[in-house]
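Engineer: Got a structure for you, written out below as structure tokens; questions coming shortly.
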Amino acid sequence: MSDNSANAPSLKAAINSVIKKKLQGYVGFANLPNQVHRKSVKKGFHFTVMIVGESGLGKSTLVNTLFGTTLYPHKNDAEPSDETPATVEIQSLSADIEENGVKLRLTVVDTPGFGDFVNNEESWKPILENIEARFDAYLEQENRVNRRKMVDNRVHACIYFIAPTGHSLKPLDIEFMRRLHTKVNLIPVIAKSDTLTEDEIKQFKQRILDDIAQHKILIYQAPQYEYDDHETVAENREIISKIPFAIVGSDKEVELSDGRRVRGRKYPWGVIEVDNEEHNDFVKLRQMLIRTHMEELKEYTNDVLYENYRSEKLVTMGVQQDQTVFKEVNPLAKMEEERQLHEAKLQKMEAEMKMVFQQKVQEKEAKLKQSEEELYTRHKEMKDALEKQRLELEDKKRRLESGRPITPEKAKKKGFSFNK
Ligand SMILES: Nc1nc2c(ncn2[C@@H]2O[C@H](COP(=O)(O)OP(=O)(O)O)[C@@H](O)[C@H]2O)c(=O)[nH]1
Ligand SMILES: [Mg+2]
């Protein structure tokens, strides 16, 4: 901690200023309002998280912190062992948690040994193999006739621990994420974030995101639904904005100056509280996993990651797929295809509408022209008729004036009338 002693006074002040913040209510999966269907409530949820990162970054502690129990024996209690495993181990732990009558079976897959060797070039390999083996097991069940009792042990999210160096990602981090990003939902976290100051965390987060973008690594992208209510949209945006989550883990309670006991880490200058959002992003990480994005993570794993794996596998096995079926199976390709079809349809409709419009305009123009001509001829006819009458009248007038009297009978015969 000698590195941080210089930062201690400012950190202490910051912590003192927020320490009075009220404790977060317990936010767990029992509060799941939107994502839960009745069936899941009855059957219980099953969610599998894998945790990867170098030794000593706090993976096992996080597992205990997540479960709120001590699944792992504390280091001192564990059997001492001289043997160092030669490869990355994969350990799977499950626990049923029940909250307000809602059951959740949370399985956490820990990966001790990752990055521990002189040569870590292939540290990612056993982990990739484990993820693929879980896909294979699911695929095998799908091919069975009786699919009623499907067990889903696929990994729905992978929390990747980044050492709190404050610099940038290590080659080991980049290699792991690049090898795994198309197989699993990657959620990067900054481990032991209590060893960094607030500013250091902010800068480190940015550098990590830049590195991830530069190496074209796909980390989990939570979708935003505009039709969700404002509160949900705002909450989701808030959660996503914290990635990579800067976390602090602890399975021990410590006492605050006001006597409250909280999960946290005690330092000479104060206490870092695990469940205080002002102190670290652990609450946000748990909310995302267990409350807001559990169904999303499962869906993406099934619809995209698993489907891609399955199609690739079938192709390498020499199973020729009907391309149309193939596309239908891949939701991303299917969506793109539907979008293109829709666009083509729209374009065709637009062209048709344009044509009809032009036709209508032409028809109207022709009609107008015709009526104009008709009007013109009528006008001419009337004019001619009037002119003829005028000439006749003039003729009669001239004859009358020339002195030849006309009797009323004669006049009547000729069509003249007299007002009496
Ligand atoms: N400062 C700090 N120490 C932690 C944190 N989480 C775990 N530790 C400590 O780091 C050490 C290694 O933790 P462990 O969970 O066994 O790491 P793992 O090897 O990744 O499983 C233990 O002494 C923990 O008490 C944290 O968030 N901050
Ligand atoms: Mg461990």
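Engineer: From the set of residues in segment 118-147 that are in contact (Cβ under 8 Å) with a residue 12 or more places away in the chain and in a loop (DSSP other than H, G, I, E, B), which is nearest to I90 (Cα to Cα)?
Structural biologist: Once the filter is applied, the top-ranked residue is S123.
Each row is one residue, and each column tells you yes or no for (1) at pLDDT 90 or above; (2) out of contact with any Gly (no Cβ under 6 Å at 6 or more places or on another chain).
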residue: V108; (1), (2): no, yes
residue: G113; (1), (2): no, yes
residue: S123; (1), (2): no, no
residue: A137; (1), (2): yes, yes
residue: V145; (1), (2): no, yes
residue: R154; (1), (2): yes, yes
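So that you can scan it fast, the table gives a plain yes or no per residue for (1) aromatic (F, W, Y); (2) on the phi > 0 side of the Ramachandran plot; (3) at pLDDT 90 or above:
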| position | (1), (2), (3) |
| --- | --- |
| V361 | no, no, no |
| L368 | no, no, no |
| Q389 | no, no, yes |
| L393 | no, no, yes |
| I406 | no, no, no |
| G415 | no, yes, no |
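Engineer: Can you name the condition, by its number, that D228 falls short on among (1) assigned to a loop (DSSP other than H, G, I, E, B); (2) at pLDDT 95 or above?
Structural biologist: (2)
Engineer: Now, a different point. Which pairs turn up if I take residues in segment 52-63 that are assigned by TED's automatic domain parsing to the domain that holds E89 and look for partners that are part of a helix (DSSP H, G or I) and near ligand 2 (Cβ under 8 Å from one of its atoms) with beta carbon separation below 9 Å, at least 6 apart in sequence or on another chain?
Structural biologist: So the pair list comes out as V52/K59; G53/K59.
Engineer: Within segment 163-218, which residues are assigned to a strand (DSSP E or B) and within 16 Å of ligand 2 (Cβ to nearest atom)?
Structural biologist: Answer for segment 163-218, where residues must be assigned to a strand (DSSP E or B) and within 16 Å of ligand 2 (Cβ to nearest atom): just V189.
Engineer: Can you tell me which residues in segment 227-247 are surrounded by fewer than 16 Cβ atoms within 10 Å (Cβ to Cβ) and not charged (D, E, K, R)?
Structural biologist: Y227, H230, T232, V233, A234, S241 - these are the residues of segment 227-247 that are surrounded by fewer than 16 Cβ atoms within 10 Å (Cβ to Cβ) and not charged (D, E, K, R).
Engineer: Looking only at segment 201-219, filter to residues that are more than 16 Å from D173 (Cβ to Cβ) and either in contact with a Phe, Trp or Tyr (Cβ under 9 Å, 6 or more places away or on another chain) or free of Cβ contacts under 8 Å to residues at least 40 places away in the same chain (or both); which one of those is surrounded by the fewest Cβ atoms within 10 Å (Cβ to Cβ)?
Structural biologist: Only one residue fits best here, namely K202.
Engineer: Here is a follow-up. May I ask you to list pairs of residues, at least six apart or on different chains, whose Cβ atoms are under 8 Å apart, with the first in segment 261-288 being aliphatic (A, V, I, L, M) and the second being within 16 Å of ligand 2 (Cβ to nearest atom) and not in a loop (DSSP other than H, G, I, E, B)?
Structural biologist: Sorted first by the residue in segment 261-288, then by its partner, the pairs are V274/T65; L285/I159; L285/V189.
Engineer: Find all pairs meeting these conditions: Cβ atoms under 9 angstrom apart; at least six residues apart or on different chains; first residue within segment 150-169 and over 18 Å from G58 (Cα atoms); second residue in a loop (DSSP other than H, G, I, E, B) and of a type outside the set (K, R).
Structural biologist: These pairs meet every condition: R154/V184; V155/V184; V155/N185; H156/V184; H156/N185.
Engineer: Let me ask something else. Among the residues of segment 248-272, what is the count of those that are modelled with pLDDT of 90 or more and touching a Ser or Thr at 6+ places or on another chain (Cβ under 7 Å)?
Structural biologist: 6
The values are calculated or read from the model by the stated rules, or taken from the named source; none is laboratory data. Owing to the predicted nature of the structure, the values given are computational and were not obtained by experimental measurement. Every residue, glycine as well, gets a Cβ built from its backbone with ideal geometry; the counts of neighbours run over all protein chains shown.
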